[in-house]
Amino acid sequence: VAALAALVTFIGVGAAFLLSEGKTFLMPGPLASAHGAIENCSACHTKSGSGKLSWMHGLIAGDPLADSKACLTCHKMPDTALNAHAASTEVLKQSTNRLTKIAAVSPAPQSARAQNIAFPMHDAVAGGLFCATCHQEHQGVSFNLNRISNEQCRSCHVVKFDSFDGQHPRFENYPFERRTRIIYDHAGHFGKHFPEVAKKDPARRIPATCSTCHDSRADKRIMALAPFERTCTGCHLDQIIGKERASGPAGIAFLTLPGLDLQTLKRKNAPIGEWPDASEAALTPFMKVMISRSERGRALLKAVDSLNLQDLTEASDDQIKEVTNLVWEIKGLFHALIKEKASDVLGNLNVGGAETLSANLVADLTASIPRDVVVSAQQQWLPNLPAETANGPAVSTVTTESGEAGSTSPEELSGSDPPQATASLNAGDEAAAETDTPVAEVGGGKETRCADEPPRTIEAESEDAAEKAAPDGAADETVTPEAEPDGGEETLAADEEGGAINGRLPLPTGTPRAIEARIKAEKEASDGAAGKTDTAETEPDGCADEQPRAATGEADTKAATDGGEEALSADEQPRGKATDQSDDLLFPTEEELRASSADDVSKPEAKTPANASPDLDTAAADPQAPSAPAISIESNVDPESWAEYGGWYRQDYAIFYRPTGHKDKFIHSWLFLTGPHAPTGDSSPAAAVFDSLTGKDAQGSCTKCHSVDDIQGKGRVVNFSPPSVESKQGRFTNFIHEPHFGIMDDRGCLTCHDLEKSRPYLKSYEQGNPQNFAPAFSAVKKDLCQTCHASGMSRQDCLLCHKYHVNGVTTPIINTRNPAQ
């Protein structure tokens, strides 16, 4: 019977192996619901094969490390997954040291001591904890794989306890591991600010409950703040846009023409070109960042960093040269912002070696500044910038401290060859240096050009020489401001009101000062027009190709009596050929176009008037209507008040940006860009921008509420983003507010959070370490939690408040490739 039974058993087992499709009948128990779709044992058990007899591998213990790695094919975790709590070695070391101190003063229960002696876990933990240590499979479909008993938890810990209301350690500083991102002094608002607001305006909404400002949100974990528009805007919006600023501009100075010691620069013969003498502005940090885009710009800023630009009396010769270079660098920056796109100028700021900035970030960095704002500033501050940029810095003689003359070349000033060569300023020729007017020999006399005419280039001078050699007066007439009776030499004096200023290039036509000079000259010409004849009627033969003049309502200037030269008024442009007839105010001559080239941002097209005679060699042109000067609208509103609710405005010699309100993109983008490269105490341009926007009296007042943290080994960051669940990663404690709201007494939130008015809350934000913190509320005590979480009342198991995997576990989307078409 025994032999027959053994034979039947053998045959039955063999038939089961041979006839069964799988090996599920060999499993010690059903899989949990989450793993129920797994059919192949080798998916989890690496030593299990797929053959009929592969079950025999299970008779020998498998490799738990290999099996744990199989788990990680679906459950994505960091490289520290097999460490306790999947935490890094440094975190575990700090936690162990802290808990060891607590264990020294915490008595352990007898049961925990016995368990530790019978099943020591120190070595096991040191070698790593495998997934199967806590997650036991084959316990049934409804089994919770995440369930871990208290005994499993405390088997590894150096602090042994039996229950939460027993020997569980007391809380140290919960929940304040770091300071809050928003600086909000509850004691100051409740005790001072709110009562003052109520006295001034009883209709102002004062928070009645904590829920007015705080909300647990959808994730139930983070006690978040309500939006700024619902809470703080009534009191703090005016501070942001600058309405409540007691001193200084409400806007942020972005572009300026810094004030210079022009007397010293003139005494040194520094060739800086035109520069306003009334400016008292300083070089802005934003301009320093833009200038420091290149290595040369960074070296230049470093050389002038210690100088007071408005007092250069003690500056050395080399420092004067660097200041001159800085002037041309600033002019080049203005020219680039007008000539090119703002994205081209700011797109490669190279702050901290960063790559090219994105289009959205560049738009925020410039706050979409209109091009006309920069153009209008240039036309008023630097009207001859196009001509100066086309000609490049002039070669000048810089007087040294010892009285010797040293030459400064354009290459030394600009760092590259100038676009065109320019005439040298002779230190001995005082008259030429004062009037800044080139003088050309014409038939034994000298030609002095009008104050409105741009400087002549070498090419223009060559063309004039060729025209002088042409027969029968084919060349254009020589232009002089006033004709001397004897035909002698003439000099151009600067117009006292609106004309050229000594030491500067002349104003182009179309500017307000040039228009005023023209009106004044025309009025003077009209007073003496009686008895004068038209110049065209008294011209000798050979001048038929002279540019005909447009009738302006006044008689033409008297022809010269000696030498056949004609004198034009000081505000009149040199006349071109007859075929190029045009109104000189609206349409520059060829010489003006060559001087301005493509750099003049407002260059009009030259064209022949529609009413001109077909045969200009034999007939005079029809009169043209006079050009009406541009008349500006006077306003009693200053530019800063005009931009009351934010935006760009220009005042004195600076272009300002006024914040538009909360979450201003201009301020946020500059802080975002410069913060990581602006360590505390640094003197770089990036740090200068960051410090100017985060100071106590900075426009926008961002850091009045948003704290600034030091980034170890890098820079600083302004905490604009609110706390999130992701920001809680790495914390063992898991607390949810919402279930507790229904069991609080009449004190509400004050049941757990007691306000302590004596703590130096605001003082702790004066330093950059967020871990050094003096909270305004007292910490939550264990005794308070024990009133509910105790034996026979509420849960008190470990996983109620703690999570094992501190950084969580994610299951990624399957990387399925699209089929090839």
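The values are calculated or read from the model by the stated rules, or taken from the named source; none is laboratory data. For clarity, every value in this text was computed on a predicted model and none was experimentally measured. Cβ atoms come from the backbone with ideal geometry, glycine included; neighbour counts cover every protein chain shown. These accessible areas exclude ligands, DNA and RNA; they are computed on the full protein's heavy atoms, side chains included. Shrake-Rupley method; radii C 1.70, N 1.55, O 1.52, S 1.80 Å.
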Inter-residue pairs, beta-carbon under 7 Å, first closer than 16 Å to residue 714 by Cα and in segment 682-699, second surrounded by fewer than 23 Cβ atoms within 10 Å (Cβ to Cβ) and of a type in the set (S, T, N, Q), 6+ apart: 685/292
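Output the residue which, of all residues in segment 80-106 that are more than 27 Å from residue 132 (Cβ to Cβ) and in a helix (DSSP H, G or I), is farthest from the chain's Cα centre (by Cα).
Here is the first cut: in segment 80-106, the ones more than 27 Å from residue 132 (Cβ to Cβ) are 94, 97-98, 100-106.
Pick out the ones that are also in a helix (DSSP H, G or I) and you get 94, 97-98, 100-103.
Details: 94: 38, 97: 43, 98: 42, 100: 48, 101: 47, 102: 48, 103: 51 Å.
Step by step, filter segment 80-106, then rank; the result is 103.
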Given (1) open to solvent by less than 80 Å² (accessible area, probe 1.4 Å); (2) over 30 Å from residue 720 (Cβ atoms), index of the condition residue 107 fails: (1)
Pairs with Cβ under 8 Å, 6+ apart, first in segment 29-57 and over 17 Å from residue 73 (Cα atoms) and open to solvent by 70 Å² or more (accessible area, probe 1.4 Å), second modelled with pLDDT of 70 or more and not in a loop (DSSP other than H, G, I, E, B): 50/42; 52/17; 52/18; 53/17; 55/26
Pair list, Cβ under 9 Å, 6 or more apart: segment 786-806 residue touching a residue at least 12 places away in the same chain (Cβ under 8 Å), other residue among the basic types (Lys, Arg) and open to solvent by 50 Å² or more (accessible area, probe 1.4 Å): 789/795; 799/147
Output for segment 281-315, where each listed residue is in contact (Cβ under 8 Å) with a residue 24 or more places away in the chain, farther than 23 Å from residue 356 by Cα and small (Gly, Ala, Ser): 281, 282, 315
Condition broken by residue 713, with the remaining ones in (1) modelled with pLDDT of 95 or more; (2) on the phi > 0 side of the Ramachandran plot satisfied: (1)
Subset of segment 191-209 [exposed (fewer than 14 other Cβ atoms within 10 Å of the Cβ) and either closer than 24 Å to residue 750 by Cβ or in contact with a His (Cβ under 9 Å, 6 or more places away or on another chain) (or both)]: 191, 192, 193, 195, 196, 198, 204, 205, 208, 209
Lone unmet requirement of (1) modelled with pLDDT under 75; (2) assigned to a helix (DSSP H, G or I); (3) not charged (D, E, K, R) for residue 42: (1)
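Conditions tested, residue by residue: (1) among the small types (Gly, Ala, Ser); (2) in a loop (DSSP other than H, G, I, E, B); (3) open to solvent by less than 80 Å² (accessible area, probe 1.4 Å); (4) modelled with pLDDT under 85.
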residue: 773; (1), (2), (3), (4): no, yes, yes, no
residue: 800; (1), (2), (3), (4): no, no, yes, no
residue: 806; (1), (2), (3), (4): no, yes, yes, yes
residue: 818; (1), (2), (3), (4): no, yes, no, yes
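Can you name the residue in segment 685-732 that is of a type in the set (S, T, N, Q) and not in a helix (DSSP H, G or I) and, of all such residues, is farthest from residue 349 (Cα to Cα)? Give the steps one after another, and end with the answer.
The first filter runs over segment 685-732 and keeps only residues of a type in the set (S, T, N, Q), leaving 692, 694, 699, 701, 703, 707, 712, 719, 721, 724, 727, 729.
The next check asks that each one be not in a helix (DSSP H, G or I); those that pass are 699, 701, 707, 712, 719, 721, 724, 729.
Working: 699: 23, 701: 25, 707: 26, 712: 24, 719: 24, 721: 25, 724: 32, 729: 34 Å.
The residue in question is 729.
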Residue list for segment 216-248, filter: crowded, with 17+ Cβ neighbours inside 10 Å, in a loop (DSSP other than H, G, I, E, B) and modelled with pLDDT of 85 or more: 232, 242
Subset of segment 672-684 (residues that are open to solvent by 10 Å² or more (accessible area, probe 1.4 Å) and either of a type in the set (Gly, Ala, Ser) or not in a loop (DSSP other than H, G, I, E, B) (or both)): 672, 673, 676, 677, 681, 683, 684
